[in-house]
Amino acid sequence: MSETYEFTKEELAEIEKIKAKYPDKKPPVMPVLWLAQTKFGHVEPEVQQLVARTLDLPASHVYGVVTFYTQYYGERKGKFVFDVCTTLTCQICGGYDILHHLEDRLGIKAGETTEDGMFSIQSVECLGACGYAPMMQITNGVYCNNLTTDKVDKIIDDLKAGNMPEFDQIPFPQHHEDESKTKG
Ligand code: FES
């Protein structure tokens with residue numbers, strides 16, 4: 001039996017606030033999909049229909065947005081989703097070695113989920129941390145940078161033990177006051 005997906009009164013009020021920020025019907029689709037994914041854990045077609053109905057948009061438009069961004073889960077995923085960057089910089093620095101190591105460790109391929117529902121792997125485009133390649137993101141949140149196979153093993157073991165790794169902060173370049181004075 002398929003599940004029924006609904007927004008609560010409070011969520012609908014939140015959606016009205018989101019809609020009020022934009023001049024027409026299409027832009028709210030992203031924040032409303034995000035709200036739906038946070039609530040349901042995915043935006044499968046039934047959830048996409050709900051978002052389309054709520055925003056009075058064609059389902060095809062919502063589907064187009066979901067399938068364009070890997071951040072939206074158009075199908076159910078594992079509790080932890082590894083987004084492994086395989087774009088050029090990460091690729092040159094061993095992104096595919098990281099991806100294949102994860103695949104071997106978890107016994108699944110990119111795009112799949114482990115049978116116990118714990119882990120999914122996705123091969124994704126640049127996540128904007130190229131200076132810290134190779135890298136991956138966990139479930140649209142934590143960045144794990146400068147990956148090695150040992151680091152990946154530790155991340156898997158930590159997650160199995162219930163410990164989410166720390167977000168690997170990317171420091172901004174420091175502005176040196178003295179330097180700017182000499183240049184000026
Ligand atoms: S190429 Fe991997 S983060 Fe940019």
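The values are calculated or read from the model by the stated rules, or taken from the named source; none is laboratory data. Keep in mind it's a predicted model, so treat the numbers as computed, not measured. Note that we place each Cβ from the backbone using ideal geometry, even for glycine, and neighbour counts take in every protein chain shown. We work out accessible area using only protein heavy atoms, side chains counted, and drop any ligands, DNA or RNA first. Shrake-Rupley method; radii C 1.70, N 1.55, O 1.52, S 1.80 Å.
The set of residues in region 9-23 being under 23 Å from the mean Cα position of the chain (by Cα) and open to solvent by 100 Å² or more (accessible area, probe 1.4 Å) is empty.
If a residue must be on the phi > 0 side of the Ramachandran plot and either at pLDDT below 95 or within 16 Å of the ligand (Cβ to nearest atom) (or both), how many such residues does region 71-112 contain? Count: 1. All of Y96, Y73 fail the test of being of a type outside the set (S, T, N, Q) and in the same structural domain as D150 (by TED's automatic domain parsing), apart from Y96. Screening E6 with (1) open to solvent by less than 100 Å² (accessible area, probe 1.4 Å); (2) in a loop (DSSP other than H, G, I, E, B); (3) touching a residue at least 12 places away in the same chain (Cβ under 8 Å) gives one miss only, at (1). Within region 41-58, the presence of at least one residue that is among the charged types (D, E, K, R) and closer than 21 Å to Q122 by Cβ is confirmed.
Taking first residues from region 121-150 that are under 16 Å from A110 (Cβ atoms) and not assigned by TED's automatic domain parsing to the domain that holds H100 and partners that are open to solvent by less than 50 Å² (accessible area, probe 1.4 Å) and modelled with pLDDT of 95 or more, no Cβ contact under 7 Å between residues at least 6 apart in sequence or on separate chains turns up. Annotation: G128 fulfils all but one of (1) of a type in the set (G, A, S); (2) open to solvent by 20 Å² or more (accessible area, probe 1.4 Å); (3) on the phi < 0 side of the Ramachandran plot; (4) within 15 Å of the chain's Cα centre (by Cα); the unmet one is (3).
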